[in-house]
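Novice: Starting off with a structure, shown below.
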Amino acid sequence: MKLRLLLLCALTLLTALFVAEAKEQRITSKGFERLMQLLANSWNKSDARKAADCFAEDAIYSEPPDKQLYKGRAELFKFFGGSEGRKSAMKMTWHHLVFDEEKQVGAGEFTFEFGSKVHGVAMVKVAEGKISHWREYWYESDLDWEEFIGENKF
């Protein structure tokens, strides 16, 4: 009798854990690529609302150590151009995207043009299918991507 009760409790606990995990919206590598491309397309079209909607309500966006720090979707919407949009065009191109499905953490190598041209990397944490954390590191250069990476192509 005790063994049955113990097994029933264990089964109930496992079921509750599986249901809780299923409710958490986790994305796949393909889902990450779609999310990041949606963000790039939104920036490229100066659609601040669509770009901001790629981020969680309480997202944190930074360029360490203290160059940029934006907290929350509302701040990001303004940073991305707000209702009026940006005065000049942005162009984001992803070169490589990688994603750890278990940790829901990914990275992307990019070229971004907005007045000047930069090449860099963004580290991204995803929660509930949205970007919850974004850390970017970049280097300003007039070179195109192929010249910038030189002999280290892959």
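Values in this text are rule-based calculations from the coordinates and carry no lab data. Predicted model, so just to flag it, every value in this text is computed and none were measured. With ideal geometry, Cβ positions are generated from the backbone for all residues, glycine too; neighbour counts draw on all protein chains shown.
Novice: Relative to the longest principal axis of the C-alpha atoms of the chain, give the angle of the C-alpha long axis of helix 29-44, reported between 0 and 90° and rounded to the nearest 10°.
Specialist: 30
Novice: Could you state the angle between the C-alpha long axis of helix 2-23 and the longest principal axis of the C-alpha atoms of the chain, as a value from 0 to 90 degrees rounded to the nearest 10?
Specialist: For helix 2-23, the angle is close to 20 degrees.
Novice: Measuring from label point to label point, each 7 Å out along Cα→Cβ, what is the residue 96 to residue 26 span in nm?
Specialist: The two pseudo-label positions are separated by 2.5 nm.
Novice: Within the set 67/130; 78/153; 125/153; 71/153; 45/67, which residue pairs have Cα atoms separated by over 28 Å?
Specialist: As for pairs spanning more than 28 Å Cα to Cα, those are 78/153; 71/153.
Novice: Suppose only helical runs count, i.e. DSSP H with n ≥ 4. What mean residue ellipticity at 222 nm does that imply for the chain under -39500 (n - 2.57) per run, divided by all residues and rounded to the nearest 500 deg cm²/dmol? Kindly include the intermediate steps, with their values, before the conclusion.
Specialist: On the way: 5 runs with 55 residues, N = 154.
Result for the chain: -11000 deg cm²/dmol, rounded to the nearest 500.
Novice: Write down the percent of antiparallel bridges among all DSSP beta bridges whose residues are both part of the range 26-149, to the nearest 5. Please report the intermediate quantities before stating the final value.
Specialist: Details: 33 of 37 bridges.
Of the beta bridges lying entirely in the range 26-149, close to 90 percent run antiparallel.
Novice: When the Cα atoms of the range 26-149 are enclosed in a convex hull and the volume is divided per residue, what value in Å³ results?
Specialist: Cα convex hull per residue, to the nearest whole number: 98 Å³.
Novice: Step through the residues of the range 126-137 one at a time and calculate ³J(HN,Hα) from phi using the Karplus curve (6.51 cos²θ - 1.76 cosθ + 1.60, θ = phi - 60°), rounding each to whole Hz and writing x for Gly and Pro.
Specialist: In residue order, the calculated couplings are 10, 9, 6, x, 10, 6, 9, 9, 9, 10, 10, 9 Hz.
Novice: Given the C-alpha centroids of the range 114-153 and the range 75-97, what is the distance between them in whole angstrom?
Specialist: 14
Novice: Of the peptides 89-95, 75-81, how do they stack up when ordered by the mean number of other Cβ atoms within 10 Å, highest first? Walk me through the intermediate numbers first.
Specialist: Values: 89-95: 15.3, 75-81: 18.0.
Ranking, from highest mean packing down: 75-81, 89-95.
Novice: Would you kindly derive the ³J(HN,Hα) couplings of the range 54-60 from the backbone phi angles with the Karplus curve 6.51 cos²θ - 1.76 cosθ + 1.60 (θ = phi - 60°), listing them in order in whole Hz, with x for Gly and Pro?
Specialist: Listing the rounded values in order: 6, 9, 5, 4, 10, 4, 10 Hz.
Novice: Something else about it: Pulled fully out, how much extra length does the chain show between residue 50 and residue 86, if you take 0.36 nm times their separation in residues and subtract their Cα-Cα distance?
Specialist: Working: separation 36, 0.36 × 36 = 12.96 nm, distance 1.37 nm.
11.6 nm is the gain from fully extending residue 50 to residue 86.
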